[in-house]
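Below is one structure, written out as structure tokens; comments come after it.
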Amino acid sequence: MSISPRLLRGLFAAAVAGGVVLLLGTMIAPERVWGGYLMGFSYFVGLALAGPLFLSIHYLTRAKWSQPLRLVPEAMTAALPAAFVLGLVLLMGTHALYEWSHAAVVAEDALLQHKAPYLNLAGFALRLVAYFAIWIWLGRKLAARSRATEPPQQRRRRDIGFSALFMATFAITFSLASVDWIKSLDPHWFSTMFALRTLSGVGSAGLAVCVIVLVVLRRKGTLRAVVTRDVMDDLGKILLALSLFWAYIWYCEYMIIWYSNIPEETGYYLLRNQGGWGTLVRVNLIVNFAIPFLSLMLRAWRRNGVVLMRIAGVVLVGRALDLYVMVDPPILGGELRLGLWELGPLLGALALFAWILLRALARTPLAAPDPQSGSSSAS
């Protein structure tokens, strides 16, 4: 598949620029730049994990219509080793991000002492390595299934086996990872729905990337025979469902905390309802739910590649906004600030992901649908 070398060079340069901003920020504004890095890292990991997640769903459902579209999730999976390297870099910013990483703070806080067997630097690092070891191994197994040469029945069993194993381990490891990396920024806050909320954002953003890439390839003529208007309609419906799922989980978490009115839970939203944060939370709901919902309800817009791609772009912006609202309030406090230190690492991480994705797509041959993949249809 042909990818513009100029585009690849530009994305790589943007990724390097993000790294330079991170390096400068560690000396000038460490807390702000590490907050931006955590946003970029979380966004990057979510998009990389969306690859094996969608591949697992494809194999478990045996959907024939999505067979030719697997090339994008397979290419997204190629970013997992780079995500692991970014995770190792994150370890250097733990003292700037997490109050539980300071022994003096823990010594004066009874709750943090109670959580110390789990929230400690050694456990944080070991779990991070374990998460990525599992994700990378299973991700490579799933991405390689399209090139497997076993007999059809054995191939089907292995497809389902690896997919089921990934889904089971992913449910546990991603839940723990979301607590480690994001929720522990507010170590005194309690929520049983946070992992599901972050997962809903991963699904929406991951599918939005697939939509954009597939529509672009269709417009270039590469996949025009595969990405039909019916397929775009199906993708739009799934994106609509994922946006609804994100809104549902967000509302459930908020409503339960508001209704129960327990101090250990309400502090999270009290901070995010102050000043500019309160406005941003409302904008977050509009971008992640209202715009996709109202737009994708229209069948004509779901079947229009240009419109569908723009809505997917809005969803990607919404994912960044959602991460900003989750990550930065405990770092910045009541004052909302958004500048180079927040945007530089975030945009650099996204540029790196796009560079890896496009390089992987450039090495991917376009294959015809495999009749052994399944027999169900999404339409």
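Quick notes on this structure:
- In nm, spacing of pseudo-spin labels at Val129 and Cys252 (7 Å Cα→C-beta vector): 3.6 nm
- Measuring r between the beta carbons of Ser4 and Met193 and using R0 = 35 Å, the FRET efficiency lands at 0.25.
- A straight line joining the Cα centroids of the stretch 345-363 and the stretch 263-334 runs 23 Å.
- Cleavage-rule hits, chymotrypsin sites (Phe, Trp or Tyr not before Pro), the stretch 110-178, DSSP coil, Cβ neighbours within 10 Å at most 16: Tyr118
- Quarter of the Cα convex hull surface for the stretch 197-238, i.e. its orientation-mean projected area (nm²): 2.8 nm²
- What you get for the stretch 96-166, charging only the Cβ of Lys and Arg (+1) and of Asp and Glu (-1), is a dipole of about 860 debye around the Cα centre.
- Over the chain, relative contact order from alpha-carbon pairs under 8 Å, at least 6 apart, %: 36 percent
- Along principal axes, Cα extents of the stretch 106-241, largest first, whole Å: 64, 35, 22
- Rough spin-label spacing in nm, given labels placed 7 Å along Cα→Cβ, for Asp230 and Thr26: 5.4 nm
- When Rg and the Kirkwood radius Rh are both evaluated on Cα atoms of the stretch 151-211, their ratio Rg/Rh stands at 1.15.
- Note that the stretch 85-139 shows a convex hull volume over its alpha carbon atoms of 78 Å³ per residue.
- Leading residue at positive end of dipole, the chain (Cβ point charges), from Ala125, Leu340, Ala143: Ala143
- The Cα trace of the stretch 1-113 gives Rg and Dmax of 19.1, 59 Å, the first to one decimal, the second as a whole number.
- Note on Ile182, Ile356: ascending count of other Cβ atoms within 10 Å places them as Ile182, Ile356, the fewest first.
- Between Ser175 and Arg219, the contour length at 0.36 nm per residue exceeds the Cα-Cα span by 12.1 nm.
- Cα Rg, Dmax (largest Cα-Cα span) when computed across the stretch 253-300, Å: 14.3, 47
- Gln113-Leu91 FRET efficiency (beta carbon distance; Förster radius 22 Å; 0.05 resolution): 0.45
- Selection among His114, Gly313, Thr94 by position relative to the dipole of the chain gives Gly313 as farthest towards the positive end (Cβ unit charges, Cα centre).
- Cα-centre dipole for the stretch 5-362 with unit charges at Cβ (Lys and Arg positive, Asp and Glu negative), debye to 20: 2220 debye
- For the chain, calculated [θ]222 nm from helices alone, where every DSSP H run of n ≥ 4 adds -39500 (n - 2.57): -24500 deg cm²/dmol
- Axis of helix 305-327 versus longest Cα principal axis of the chain: the two differ by about 20°, to the nearest ten degrees.
- Within straight-line reach of Lys141, meaning a Cα separation under 22 Å, sit the following lysines at least 8 residues removed in sequence or on another chain: Lys64.
- Cα coordinate range in the chain, projected on the principal axes (Å, largest first): 63, 44, 41
Each value in this text was obtained by applying a stated rule to the coordinates, not by laboratory testing. All figures in this text were calculated on a predicted structure; none of them were measured in a lab. Cβ: placed from backbone, ideal geometry, glycine included. Neighbour counts: every protein chain shown.
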